[in-house]
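Any read-out appearing in this document is the output of simple, stated calculations on the displayed coordinates, not a laboratory observation. In this text the structure is predicted, and so the values were computed from the model without any measurement. Here the Cβ positions follow ideal geometry from the backbone for every residue, glycine too, while neighbour counts run over all protein chains shown.
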Amino acid sequence: MRDRFFFFVVFVVLFLIPIVYFGSLGDSVSDWVASYYHVNYTYGFVRRGLVGTLALPFGDVKRFAFWSTFMASLLMALIFTFLTEDRRLWLLFLLSPATALHLGFDVGRYDHFNLLLMAVSLLLINRRKYLYVIPFLTALGVLVHEAYVIYAVPVLTVLLWPRNRRVAILNGIVSLSLVFTVVMWGDPSTQMERDLLSRPEVIPDAIGALSASIKDTIFSNLFYIRGEVLRRPWDFVLPALILSGYTAVYLYSTRDLPLCVRVSPFAGLLLFAFGYDYPRWVSIMVILLLFLMAFFGVTVHRKVRKLSFLLMATTLLGPLGAGHYAFPLLEALIFGTPPY
């Protein structure tokens, strides 16, 4: 109990470090992220409208965004300690630019809710209890943000299959049906767009992203890479190196598991084709890899322990980033550039 309390305290401190830099709760939630909290089901069904609907009674969306994602992150981290008591894994989870630090720097993002839903689902599968709840949690995940079907659903389906095939199939059907619904009928109505764009606190491009097709999203990503890879190569190289390091730790440590299980989290690599928030995608995948190690009760393999210490040392660089830029808080502190 004492060790879990220590883990909890360290996670909170690391999460709040970026908040200290911003100086206030409102400033810590970016305007782009806050724009999505104005999207809700008032005018009918719309993609990513669930959280905004839940936020309606609270008024101040930035305050709601901060506290709700803060609590979601704490619960997610707490579940990690219930999956494993391996102190090496606890340290690897805490001392990472892609976990607590990233979640604090990118506070307010819908990813925090979906990581909690994923963690709860993994805990239920691990304990073999209430498995029929998982398709419901998956439905919530897709309604929060459709990217859930890319990185979480493949893992959950593979893990469910040997335990309860009916639930595994149902989970797949629910996720695919909802994603189809979101893609086909999730664009905001004309009235909703007009109302949202009339508000000064809403960024037009954020709302426009809700109507972007898969093709447009992929091409936008490619154009961004073409324009930025030579200007800021570290934004691509550093996240790739960090993800490669955690991948090596994961693959060495899970070498005795079935191949289909080991490769399932790498479905998340598809995220990189749909958007250029590379530090954000790396963070999600690192958290997922660490959760799977905890789920199976494996420890860090002796051949990659030095690598794991090196990965923990990268915590000194600060949060991995939010959006497009790798280690933007470090860059802001050194050069005085905007952190977003």
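Taking the Cβ of L329 as the center, what net charge do the other residues with Cβ under 15 Å away carry, scoring Lys and Arg +1 and Asp and Glu -1?
Within the 15 Å Cβ shell, the charges total -3.
Can you tell me, using C-alpha contacts under 8 Å and at least 6 residues apart, the relative contact order of region 2-335 as a whole percent?
About 23 percent, as a whole number.
Fewest first, what order do Y110, Y37 take by the number of other Cβ atoms within 10 Å?
Lowest count first: Y110, Y37.
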Sorting L251, L101 on the 10 Å Cβ count, fewest up front, what's the list? L251, L101
Amide H to amide H under 5 Å from I203: which residues, 5+ apart in sequence or cross-chain, H placed 1.01 Å off N in plane? S35
Trypsin sites (Lys or Arg not before Pro) restricted to DSSP loop in region 75-141 with at most 15 other C-beta within 10 Å: R128, K129
Honestly region 74-158 on the Cα gyration tensor test (a ≥ b ≥ c root eigenvalues; a/c under 1.5 rounded, otherwise a/b vs b/c for prolate or oblate) is just oblate
Quick one: check the C-alpha center-to-center distance for region 68-91 versus region 209-267, whole angstrom. 23
Region 175-269 shape via C-alpha gyration tensor axes, a/c threshold 1.5: oblate
Based on the alpha-carbon gyration tensor of region 8-94 and its eigenvalue square roots a ≥ b ≥ c, which shape applies: rounded if a/c is under 1.5, prolate if not and a/b is larger than b/c, or oblate? oblate
Ranked on Cβ counts within 10 Å of their own Cβ, fewest leading, S73, S68 go S68, S73
Would you indicate which of (1) 16.2; (2) 17.1; (3) 18.6 is the value of mean projected area of the Cα convex hull in nm² derived from the coordinates of this structure? (2)
